[in-house]
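Just below is one structure, and these are the notes that go with it.
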There are 2 protein chains.
Amino acid sequence: MFDFEKIDKVIHEKGRLGIMTLLATRQSWTFQDLKAELEMSDGNLVTHLRTLHDNGYVAVTKEMLDRPQTSYSLTAKGRTSFQDYLTILEQIVKAGRS
Amino acid sequence: MFDFEKIDKVIHEKGRLGIMTLLATRQSWTFQDLKAELEMSDGNLVTHLRTLHDNGYVAVTKEMLDRPQTSYSLTAKGRTSFQDYLTILEQIVKAGRS
DNA sequence: TCGCGAAACTTTGTCTTGCAAAGTATAGCT
DNA sequence: AGCTATACTTTGCAAGACAAAGTTTCGCGA
């Protein structure tokens, strides 16, 4: 019926799913904004962001304003992977609502 | 924006999400049918089903036909929890498609 | 110039899971 | 009695989430 093996394990985790969803709604997010929105610890957030970056889903931009400020955004690959993931979610919702 | 903490960790796991989705499409599934559809090992499938049962999401019916046959179905609690979960998925899809 | 604090990590450690392989129990068929 | 299928349980490992504490780097104020 469904191929649940297709579910992307990198995205399908509460923390990273939150990050990906936020990144999809805006061009760019700072570390601080993500942290405030998701209420994650520094270590946890950085680890998830690194996992996403290592998989080529997230781009990192480091800037020096008056304070250091790192921003994150989706890569093209990240965006398509996320859309593919959403397609599976849609199928699940559709099946589950019947 | 979203409260990702609301995501039900019992449901939000690839294996159990598969089980719950299948159970939502039919009144009842046998162990063998679930196993064939999800392509899981016996131990893995039983463990997930027990987790779902321990959380009150799944009812178990044991029968003796010519062979032992155990069937699984959603409880009322399981159904509402799953619907709540789907609601969050819908929000994510909606946000991610914008 | 010497801290001080903030941002963004890294490190460490713990604890929970997923998952598979192998073993067990029960019942029917031959 | 022995074989097979179902439905488990047990064991063990490896991966991952997560938090707390330590680290680095910068700007700024005393």
| message | To make sure I understand, if each residue's beta carbon is the centre and we count other beta carbons within 10 Å, what order do A:S71, A:S41 fall in, fewest to most? | response | A:S41, A:S71
| query | In nm², what is the average projected area of the convex hull enclosing the Cα atoms of chain A? | reply | 7.0
| message | On a full-extension model of 0.36 nm per residue, what is the gain between B:D3 and B:T47, subtracting their alpha-carbon distance, rounded to one decimal in nm? | response | 13.0 nm
| request: Let me know the charge dipole size of the protein assembly as shown about its Cα centre in debye, to the nearest 20, where only the beta-carbon of Lys, Arg (+1) and Asp, Glu (-1) is charged. | output: 200
| message | Between 0 and 90 degrees, rounded to the nearest ten: what's the tilt of helix B:76-96 against the longest Cα principal axis of chain B? | response | 40
| remark: Rounded to two decimals, the Rg over Rh value of the protein assembly as shown from Cα coordinates and the Kirkwood Rh reads 1.05
| field | Per-residue mean of C-beta atoms belonging to partner chains within 10 Å, peptide A:36-48 | value | 1
| request: Please label the shape of the range A:18-61 as rounded, prolate or oblate, based on the square roots a ≥ b ≥ c of the eigenvalues of the alpha-carbon gyration tensor (a/c under 1.5 means rounded; beyond that, a/b larger than b/c means prolate, else oblate). | output: oblate
| request: List the residues whose amide H sits under 5 Å from the amide H of A:L74, counting only those 5 or more places along or on another chain, with H placed 1.01 Å from N in the peptide plane. | output: A:A59
| query | Put +1 on the Cβ of each Lys and Arg and -1 on the Cβ of each Asp and Glu in the protein assembly as shown; which of B:S81, B:A95, A:S71 then has its Cα farthest toward the positive end of the dipole? | reply | B:A95
| field | For the B-to-A rotation axis, chain B residue with nearest beta carbon and its distance in angstrom | value | B:L89, 2
| query | Of B:M20, B:M64, B:M1, how do they rank once you tally other Cβ atoms within 10 Å and put the fewest first? | reply | B:M64, B:M1, B:M20
| said: Compute the helix-to-body angle for B:14-25: its Cα long axis versus the longest principal axis of chain B, expressed 0 to 90° and rounded to tens. | reply: 80
| request: List the relative contact order of the range A:1-71 as a percent without decimals, with contacts defined as Cα pairs under 8 Å and 6+ residues apart. | output: 29
| request: In Å and from the alpha-carbon atoms only, list the Rg and Dmax of the range B:41-98. | output: 15.7, 54
| request: Rounded to the nearest 10 degrees, what's the angle between the helix B:42-54 long axis and the longest principal axis of chain B, both from Cα atoms, 0 to 90? | output: 70
| Can you give me the Cα centroid spacing of the range B:1-80 and the range A:53-98 in angstrom? | 29
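Any read-out appearing in this document is the output of simple, stated calculations on the displayed coordinates, not a laboratory observation. Here the structure is a predicted model, which is why all the values come from computation and not from measurement. Heads up, the Cβs are rebuilt from the backbone with ideal geometry, glycines too, and the neighbour counts pull from every protein chain shown.
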